[in-house]
Each structure stands twice: as C-alpha cells, then as structure tokens.
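The values are calculated or read from the model by the stated rules, or taken from the named source; none is laboratory data. These numbers were taken from a predicted model, which means no experiment stands behind them. Cβ: placed from backbone, ideal geometry, glycine included. Neighbour counts: every protein chain shown.
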Amino acid sequence: MQNAHLRLGLLEYHRMTEKTSTRIRLRVDRYVGEDEQAHLVSVFGNDSDVGAITAAVHEKATFTLTFPDGEVKEISLGEHASCYKGAVSLSDRKHPVRHLVAVSEALYTNGGVGRTILLQYQRDQAWATLVSFLGLPADPTWADHILGIVEGKKRIEEIDGIGCQPVLISATTEEMLEWIGHGLRSQKLAFPDSNSPIRWPRYSTDSLIVQA
C-alpha cells in the first residue's frame, strides 16, 4: 500500500503536571466523529503510548486530531467510553505493534434514541443494519423503498471520518414501522411469498470498512 501514511490521521495527547510534561502522538487509521464528539478512534503504536492513550480515554481527556488533509479538531470520547486493545505482528518488526480501538457510549449503544452510525452508506448494508439494531420486522427487498423515504426526508448526514465514509441516520423504530406499514397498505411493499425464515445476505468485515 504505497503512500498509506497520506491516508492516516494523527492523534496527539498533551498532559502537564507540576513536574512533567508529556506529549504522545499516534497514527490514526480509522476515525468517526461529530465535531468535537469522537465516536470511534483506531490508533496504533508502542506499548507505553497505547497504554497512556487508553488511560486518557477513561479519564475523558481531550485530544488533538489532525486529519489527512491537515484539518485539526479538538475531540473527546466523553463519558463511559470503551477501549479494546490488541497486537499486530509484522514480519519486519521484532515486537508486535499495539492497536487500540476506543468507542464512545453512543456508538456502543448504536441505534438507540433514533441515531444509527454507519461506517459507510450502501442501501442494502444500511438496511440490514437498521433492521438488526432497531428490531424491525422486515425483508431485504424493502431496502430501496424505505431508504428512499429516509433519503427524501434528509435523515442521512455525512459525519467526520478517516479511513471510512461514515454517516448518521436519524430515524426511530416507530418511524420506520410507520413507513413500513404505509408501504404495505399501498402495496409498494409486499410480504414474502412463502411462510419461512427470511434469509439476509452475508457481509464480510472488509465490505463494511471502505477506504476513504
């Protein structure tokens, strides 16, 4: 992947005490956020730096995020953020690279209060996610009709992203059920022909994470 560094962001954390001043900088390969509210931050680095950033997330610290295009924002994951750590082994490195994914409470409870965040927007994948998160009784073939309504009502908003093209869909379960009911009554939607389990397409992780 030539010039991959040009697609990475930079996360900086500066902490000052009476005796010391610490500045940590880690590369960001994935980010999702709304203005100063970060929802997902994926960074990698050495053991000590990743550990320090993890502690700072739990302390509700503010970070400086530089996007690949040079834009700079002050961000925070807020209260009750979750952190997931792992390691990536590389053939040319003696020690593995440490990896951290930090997730906001809003993303952890994705789909709650009528807000669903997606890493990208494609109708079929978005519809499968909404049906799952909102607990909708639905069919895969209804995607175009219902999401056409969502798009027409301008309920899909692009939000900040690095390494993905995230969107926020604002729609409650009650609204979705109303649109489904109207579609069935108007015969723009139809129930499946057979009374059997509905089979949804399978999506790989790679298909859900696109490069911006």
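If a residue has to be touching a strand residue (DSSP E or B) at 6+ places or on another chain (Cβ under 6 Å), modelled with pLDDT of 95 or more and not in a strand (DSSP E or B) to count, how many in the stretch 69-101 make the cut?
The number of residues fulfilling the criteria is 2.
Does the stretch 79-90 contain any residue that is free of Cβ contacts under 8 Å to residues at least 40 places away in the same chain, over 22 Å from E158 (Cβ atoms), surrounded by 15 or more Cβ atoms within 10 Å (Cβ to Cβ) and outside the structural domain of D160 (by TED's automatic domain parsing)? If you could, list the steps in order and put the result at the bottom.
Of the stretch 79-90, the ones free of Cβ contacts under 8 Å to residues at least 40 places away in the same chain are 79-87, 89-90.
Those left that are additionally over 22 Å from E158 (Cβ atoms): 79-87, 89-90.
Cutting the leftovers down to surrounded by 15 or more Cβ atoms within 10 Å (Cβ to Cβ) gives us 81, 83.
In the following step, the residues that additionally are outside the structural domain of D160 (by TED's automatic domain parsing) were identified as 81, 83.
Yes, that holds for at least one residue.
Can you tell me which condition A138 does not meet? The list is (1) outside any strand (DSSP E or B); (2) loosely packed, with under 15 Cβ neighbours inside 10 Å, and all the others hold.
If we test A138 against (1) outside any strand (DSSP E or B); (2) loosely packed, with under 15 Cβ neighbours inside 10 Å, just (2) comes out false.
Looking only at the stretch 158-178, count how many residues are part of a helix (DSSP H, G or I), aliphatic (A, V, I, L, M) and either out of contact with any Leu (no Cβ under 9 Å at 6 or more places or on another chain) or buried (at least 20 other Cβ atoms within 10 Å of the Cβ) (or both). Write out each step before concluding.
Quick first cut of the stretch 158-178, residues part of a helix (DSSP H, G or I) only: 173-178.
Pick out the ones that are also aliphatic (A, V, I, L, M) and you get 176-177.
Then keep just the ones that are either out of contact with any Leu (no Cβ under 9 Å at 6 or more places or on another chain) or buried (at least 20 other Cβ atoms within 10 Å of the Cβ) (or both); that gives 176.
Residues meeting the conditions: 1.
So V113 clears everything in (1) loosely packed, with under 12 Cβ neighbours inside 10 Å; (2) assigned to a loop (DSSP other than H, G, I, E, B) except one condition, right? Which one?
The one condition V113 does not meet is (2).
So, in the stretch 6-61, of the ones that are in contact (Cβ under 8 Å) with a residue 24 or more places away in the chain and in a loop (DSSP other than H, G, I, E, B), which residue ends up farthest from the chain's Cα centre (by Cα)?
N46
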